[in-house]
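Visitor: Below is a structure I'd like to ask you about.
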Amino acid sequence: MANCFLFSKSKSWIPDFQYNPNKDEADKVRNTLLVVAALIAAVTFQAGVNPPGGVWQDYNSWNPTLCKQKSAEGPHPSCYPSHNAGTAIYASREPDFYIFLFFNTVALSTSVLVIMSLTYKFPFHLEVLIATASMLATYTSAICAVTPADYTQKFRFILISAALPFVLRALIYLVKYKANQEQENLCGKCRSGISEDNYSCRKCGSKISENPAADKA
């Protein structure tokens, strides 16, 4: 009996917290999404303004000759990579820094998209739109400030990442719109009796009346 108790399959708690359209009210779901999106926006904005590791507090210029002379005495600033005060220390690891910037920017842009979508046609939606757009502009300015100057050309890749969630959402709507249009055309053919594909016509369901002649009349 003890073995059966120890290895018995426990009930999963995941379905209890999943979205259920039959019992979850729309306004509560919207409020929950707004809280989550605002939290993600705050965290990612702060991470971009204050990158991991902080920023350099001094100026340094790499000097291989002086480094070779002083290396016997121990670590010397002339051996360190060149950097300017106020730039991100993390930027000295270029691939890792770009991975961080890319996904952090995508997360911030996605959360802004969710906030703008959930507050659409709400009171003061224009003010919310201006505030979120200004926040993205502030984030971009802060990133430019902590990014070394020689990163400017490559940084366009990061700016494109900010538009990625908006482009994906637009493509999703476009695909859904075309699919709905094709479905409507198919149902219209089935309703008028032009289409002979019974399997495809069954997908239209209640959109097709039982008496096509009545529709023509």
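Visitor: Just checking, how many residues over region 105-129 are exposed (fewer than 15 other Cβ atoms within 10 Å of the Cβ) and not basic (Lys, Arg)?
Guide: 8
Visitor: Given the criterion modelled with pLDDT of 85 or more, assigned by TED's automatic domain parsing to the domain that holds LEU33, surrounded by fewer than 16 Cβ atoms within 10 Å (Cβ to Cβ) and over 16 Å from VAL49 (Cβ atoms), identify the matching residue among PHE166, PHE157.
Guide: PHE166
Visitor: While we're looking at this one, here's another question. Looking at the structure I just gave you, is ALA145 loosely packed, with under 13 Cβ neighbours inside 10 Å, of a type in the set (A, V, I, L, M, F, W, C) and either over 16 Å from the mean Cα position of the chain (by Cα) or under 21 Å from THR32 (Cα atoms) (or both)?
Guide: So ALA145 fits the description; yes.
Visitor: Right, another one. Give ASN180, ASN211, ASN185 a once-over and let me know the one that is farther than 19 Å from ALA88 by Cβ, of a type outside the set (A, V, I, L, M) and modelled with pLDDT under 75.
Guide: ASN211
Visitor: Right, another one. Identify, please: which residue in region 117-142 is more than 30 Å from THR87 (Cα to Cα) and touching a residue at least 60 places away in the same chain (Cβ under 8 Å) and is, among those, nearest to the chain's Cα centre (by Cα)?
Guide: Filtering region 117-142 for residues that are more than 30 Å from THR87 (Cα to Cα) and touching a residue at least 60 places away in the same chain (Cβ under 8 Å), the one nearest to the chain's Cα centre (by Cα) comes out as LEU118.
The values are calculated or read from the model by the stated rules, or taken from the named source; none is laboratory data. If you're wondering where the values come from, they're calculated on a predicted model, not measured in any experiment. FYI the Cβ positions are ideal-geometry reconstructions off the backbone, even for glycines, and counts take in every protein chain you see.
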